[in-house]
1. Considering each residue of segment 603-627, count those that are among the aliphatic types (A, V, I, L, M) and either buried (at least 24 other Cβ atoms within 10 Å of the Cβ) or touching a residue at least 60 places away in the same chain (Cβ under 8 Å) (or both), and give that number.
2. Taking segment 628-670 as the search range and keeping residues that are in contact with a strand residue (DSSP E or B) (Cβ under 8 Å, 6 or more places away or on another chain) and open to solvent by 20 Å² or more (accessible area, probe 1.4 Å), which one is nearest to Asn747 (Cα to Cα)?
3. Could you figure out which of (1) modelled with pLDDT of 90 or more; (2) outside any loop (DSSP other than H, G, I, E, B) isn't true of Lys763?
4. For segment 547-570, check the following and say yes or no: at least one residue is in contact with a Phe, Trp or Tyr (Cβ under 9 Å, 6 or more places away or on another chain), part of a helix (DSSP H, G or I), open to solvent by 40 Å² or more (accessible area, probe 1.4 Å) and under 20 Å from Asp56 (Cβ atoms).
5. Could you check, for segment 51-60, whether at least one of its residues is modelled with pLDDT under 90, more than 30 Å from Pro675 (Cβ to Cβ) and in a loop (DSSP other than H, G, I, E, B)?
6. May I ask you to say which residue of Ala258, Ala275 is among the aliphatic types (A, V, I, L, M) and over 30 Å from the mean Cα position of the chain (by Cα)?
7. How many residues are among the β-branched types (Val, Ile, Thr) and open to solvent by 50 Å² or more (accessible area, probe 1.4 Å) if we restrict to segment 494-508?
8. Among (1) part of a helix (DSSP H, G or I); (2) more than 30 Å from Ser211 (Cβ to Cβ); (3) open to solvent by less than 60 Å² (accessible area, probe 1.4 Å), where does Gly694 come up short?
Amino acid sequence: MRFLKEFTCFILLIFTGTGCSTLENSYRKTREAVDKLVYAFEDTYRPALGLDKDIDLQFAKHQFNRREYASSEFYLKKTLASQPENKEAIQLLPWSYFFQKRFDKALESFKHAHTLHKKDPVPLLGMGWSYFSLKQYQQAMDSFERAERFSPHSYEVHKGKAFIHLEQRRIQPAKKELAKIFRSINVNKLMEDWQASNQGDITKRWEVVPSNFESNSIFTLSVEFPRYRSLLLGMPSEDTNALDSAWKSYYQGKYSKASNQFESLARSNSPNLDAVNGLAWSLLHAKQINKSEKTFKEILELYPKFIGASKGLQKIEEIKKHQAVYVQNYIDLGKYQLAANKLDDLLDRYDDWAHLYNQYGKIFLARKEYEKAREYFLDAQKYSPHDSVSKLGLEQVQLALDKQLYKADRAFNKGDYKLATIIYHDYIDVDTWPSPKFNMAHAYNGLGWSQYHKKQYEYAIDKFLKSIEHDDYKVSAAKGLGFSLYAIKNYQDAVPYLKIALKHDPENKELAYKLDWSILRSESLSSSQKYFEKVLKDHPLRASPYMALGWIHHNLKNPDLGVEYFLKAISLDPDFAMTPEFLALLAKERFGWQVYNSLGWTYYQNHLYDKAMQMFKFSLQLQPNKSESRKGMGYIYFKLGKYDSAITMLEQCLALNPEPNPVFEEVTGSNAISPYKMQTTARTKLGRANYIQGNIIGAINAYNEEIRRNSSQPDAYDGLGWSYLEKGRFLEARTAFTTAIRLEPLNNSAHKGLLKAKYAITKKRLKTKAETDFYFPQTSPN
């Protein structure tokens, strides 16, 4: 399927600037190949990464496609810092906010994009969905209608207007809009689903954008399956009429025609996800399963969280298992030859399906042909490394072939390293090394890991040096050697082995941390500094390079810059920072108490309150007269429901420092339209503690004092609104809640409070009116 390779290569060139050979993992492996682009296509494509200044933008796009929106946001901002008028970055940044559910920021960014590109309907669509998400339905309707002027018959416009009508319970106008983009049967299905989601249980309410694969959301409607065009907002969209025509053929069941149309679009100079997803689904229904599966997998390599492709692979797995059901029936009946014959037929069609190799393994296991069984189970693991069936099959093979090794493995897996060491040692004692036997390499490797866990590192190194000679244990033994050499502080020798292990497991944080620390300890400061500054470009959210640069600048007598790097590392992974060397540094440096506070807040944000309390207490011991540690302890006591202790610590904090730094806390659940960061202060937290304790006057005083000092504090207005409600001061409550919403639109607590306040005001007015209707005052004679 040449065009599939072209699609994969072209998209990777567009978003990363590399060739096909580097597709296996992620963009970070391609950055070094930017200047080594090779093209061998029929059509000559122009590389998108011709200039260094565009690298950050291409990486931002790549991360956006992978739904790594926070990372995409970072690199888009970096692009705009050097190219303030870059149209692509300006238009993509608001979508990176939107898909993170930061709808208020998305709205402001869409407004900026619209200001610069007045006739582009896409920013207006973004404004419409942002206003909708913030429950500002009239502004949302206005934005969609303005977008419609520039893009008549827009799918997103009709969809957006329909859901605004649904939220306002205007059923007929909603149906009218939906009928413009869906068939009547789908309109009825959508209406039924909507009504079911709005009955009682708030957890069943649809999100705007999905939080995960299983979420019910407006952007992944069941009636849109399998296209999900709303998820493609922010991505390049061309040939829309041709795409709509191809999808129309698909939905009419004309799969061969649809696949030809999609294939033509996929061969174009600008193939997009919508076209290739349509192609994969058309091939599936045209019963070209292998081509369809390959296409879906290629999509997921570039768009790993795209629901359309994920559901496609699920469907293919169901189809293949249905075709293979007779194999299991024959195995259950003991008709192994018939099962093998059926498997031979299936393997001709699906030669990379782990399930078939597992079935072969079961057949040979039943026939007691254990060596063949092991080969097939190992083949299954090549295609599915974490497959549980093949793992169990290998254990059964081991039990049958070598009970002693099986017992050793069982002991090791249970964490009984002493017993495992004894059994492995007895096993290898009867043979010599080198040995071509698989079992002997297995025993040496198992003994090495057992000794590693027993902290017998030199012995472990000796065993791993033997097992690494066997191809099946090269990676495991390299990891063991790296870990063991690291443990005895032989960092220079550990580096090459850790690199081998990390290459095969690039997401393993422990491997990355140990490798970075080994490089820091084994190379010169200048060499290390260059290495870690380069690592930061590829891994901006990894703690270890920041920690390493902190040590480098500390040793270069740049303590202030070193502290900044330390604090950044702590914010990403506080546990990584808690090494004996770093704790010793904190004990003697003047900035130690600050670092402990930073550790405390990071643990607090991760809901590790015991660790957070310990850090704040350490800070308090170093600097008893500082307010920050008391503030942290007050926040923790509040979280633990110890409100009296919280009030005491927060009052002490404010006595030492009337204006301590604010704290940003993540708000989720029913009090958030979508998860967001709320700015709170020691005084607003004190107000909430007083409110919960029933001291409403104390709460009001705390909130008003905070507002006097900072008139744009959203948490203070929200708390003040609820306090006024409690006191029956409904008009003041309404004003407070309205201000809270203006300052923080995602605060659903304030939205709920405003509804309560309005209801209370209306109820009071109706009661007053009813009483007035029956009251007839006498006219004064004067």
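1. Residues meeting the conditions: 2.
2. The first filter runs over segment 628-670 and keeps only residues in contact with a strand residue (DSSP E or B) (Cβ under 8 Å, 6 or more places away or on another chain), leaving 631, 635, 662-667.
Okay, now just the ones that are also open to solvent by 20 Å² or more (accessible area, probe 1.4 Å), so 662, 664, 666-667.
Details: Pro662: 17, Phe664: 14, Glu666: 11, Val667: 8 Å.
Among residues in segment 628-670 that are in contact with a strand residue (DSSP E or B) (Cβ under 8 Å, 6 or more places away or on another chain) and open to solvent by 20 Å² or more (accessible area, probe 1.4 Å), the one nearest to Asn747 (Cα to Cα) is Val667.
3. Failing condition for Lys763: (1).
4. Within segment 547-570 (the criterion being in contact with a Phe, Trp or Tyr (Cβ under 9 Å, 6 or more places away or on another chain), part of a helix (DSSP H, G or I), open to solvent by 40 Å² or more (accessible area, probe 1.4 Å) and under 20 Å from Asp56 (Cβ atoms)), the answer is yes, since at least one residue qualifies.
5. Within segment 51-60 (the criterion being modelled with pLDDT under 90, more than 30 Å from Pro675 (Cβ to Cβ) and in a loop (DSSP other than H, G, I, E, B)), the answer is yes, since at least one residue qualifies.
6. None of the other options fit; the residue is Ala258.
7. Residues that pass the stated criteria total 1.
8. Single failed check for Gly694: (1).
The values are calculated or read from the model by the stated rules, or taken from the named source; none is laboratory data. Everything numeric in this text was worked out from a predicted model, so none of it was measured. FYI the Cβ positions are ideal-geometry reconstructions off the backbone, even for glycines, and counts take in every protein chain you see. With ligands, DNA and RNA removed, areas are computed over all heavy atoms of the protein, side chains included. Shrake-Rupley method; radii C 1.70, N 1.55, O 1.52, S 1.80 Å.
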